[in-house]
Amino acid sequence: MAALAALYPAKLQKVASFDRFGHYRLETGEQLLVWTPIYPAGPLPLIIYLHGASSRGDDIQQIFEKGPNCPPALLRAGDIAPRAVVVAPLLAAKREWCKTSREAGTTLKIIDAYFAEEARGAMAAVDRDRVYVTGPSCGGLGAYTLAARLARRGDGFSDRCPPAAAVVPVCGGGSVVFAPLLAKTPCWFWHSESDSAVPCSDTEALVAALEKLDAPVRFTKLTDEETPESPPYVAYMEHHNAWTPAYKVDSPMWAWLFAQSRGEGA
């Protein structure tokens, strides 16, 4: 590992540590959080979490404060404690995760910087057959599109993110154009039927396109009664809060997620 460290100098600088989270900054200014279990005996599964639009900016704490009932906040509160590493990049203001090639390049740069550090032994070892991508709203769209872009660029590089073993897009929608890239990737979509922010029909179209490809796709369409109220800062987004049911500690999504592995063809 020492030889690797000499060949590939660190591109991440640790800013702070709190509640088992490491706060890192790239040389170019981008930021990310890394949560690691107490006893990180690996290789461990990795969850890439892409936050919603309300957390955008330059304050890493907004991932927690504007993401209640989402993985980082649940981890910090001790409500969930998976045997996995969780990586949560911070999206700059007025940006999208992967809407354009340039934005996708920035997102991949942040995630690949983490993998470069993991490859040199500076982070807990990760199981590259069990990398998962998820996020709500803007992050749900980002998760779907990022997984497609990872599938398209393929594998074979130890210092960058491999294709996802599974993806859980929550109330984000997306383009059916990317569906063929995820024809072999297990996907579980979550959306409320009366979502006023992102129409449920967007996700229904994705699910239909994947089903035509015989893809391993699941879809939980929540009724209005099953959809909790949105947080006060996005109260105008009615029936948008599909993330609370998707990520709660007893959600069936968790067991399903950790059962997926590229190596086992799950």
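Values quoted throughout were computed directly from the atomic coordinates according to the rules given, and no laboratory measurement underlies them. Since this is a predicted model, take the numbers as computed values, not measurements. No Cβ is skipped: glycine too gets one built from the backbone with ideal geometry, and neighbour counts run over all protein chains shown.
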Quick one: what do you get for the stretch 1-149 if you divide its Cα Rg by 2.2 N^0.38 Å?
0.98
Mean 1/r over all different Cα pairs, inverted: what Kirkwood radius does the stretch 83-223 give, in Å?
15.4 Å
Which far-off residues, 5 or more places away or on another chain, put their amide H under 5 Å from the one on Phe219, with H placed in the peptide plane?
Phe189
Taking the Cα centre of the stretch 2-252 as the origin, how large is its charge dipole in debye, to the nearest 20, when only Lys and Arg (+1) and Asp and Glu (-1) carry charge on their Cβ atoms?
940 debye
Cα atoms only, the stretch 2-252: Rg and Dmax in Å?
17.2, 57
Counting only C-alpha contacts under 8 Å and six or more residues apart, can you give the relative contact order of the stretch 217-266 as a whole percent?
22 percent
Karplus-derived 3J(HN,Hα), 6.51/-1.76/1.60, for each residue of the stretch 188-203, Hz, glycine and proline x:
10, 8, 10, 7, 8, 5, 10, 3, 8, 8, 10, x, 4, 4, 4, 5
Relative contact order of the chain (C-alpha contacts under 8 Å, at least 6 apart) in percent is 16 percent
Can you pick out the pairs among Lys66/Lys248; Lys66/Lys94; Lys109/Lys221; Lys66/Lys212; Lys66/Lys99 whose Cα atoms lie more than 25 Å from each other?
Lys109/Lys221; Lys66/Lys212
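Thinking of the stretch 165-206 as a set of Cα atoms, what percent of all their pairs are more than 11 Å apart? Walk me through the numbers before you get to the answer.
Numbers: 552 of 861 pairs.
For the stretch 165-206, the share of Cα pairs beyond 11 Å comes to 64 percent.
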Test of understanding: ordering Met123, Met237 by Cβ neighbours within 10 Å, fewest first, what list do you get?
Met237, Met123
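How many percent of DSSP beta bridges within the chain run antiparallel, rounded to 5? Mind dumping the intermediate values first?
Numbers: 15 of 36 bridges.
Bridges in the chain that DSSP calls antiparallel: roughly 40 percent.
Run lengths n ≥ 4 of DSSP H only: what is the helix-derived mean residue ellipticity at 222 nm for the chain, with -39500 (n - 2.57) per run over all residues, to the nearest 500?
Details: 8 runs with 77 residues, N = 266.
Rounded to the nearest 500, it is -8500 deg cm²/dmol.
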Taking only C-alpha positions in the stretch 193-261, Rg and Dmax in angstrom work out to 13.7, 40
Here, Glu27 and Asp79, labelled 7 Å along Cα→Cβ, have an inter-label distance in nm of 3.9 nm
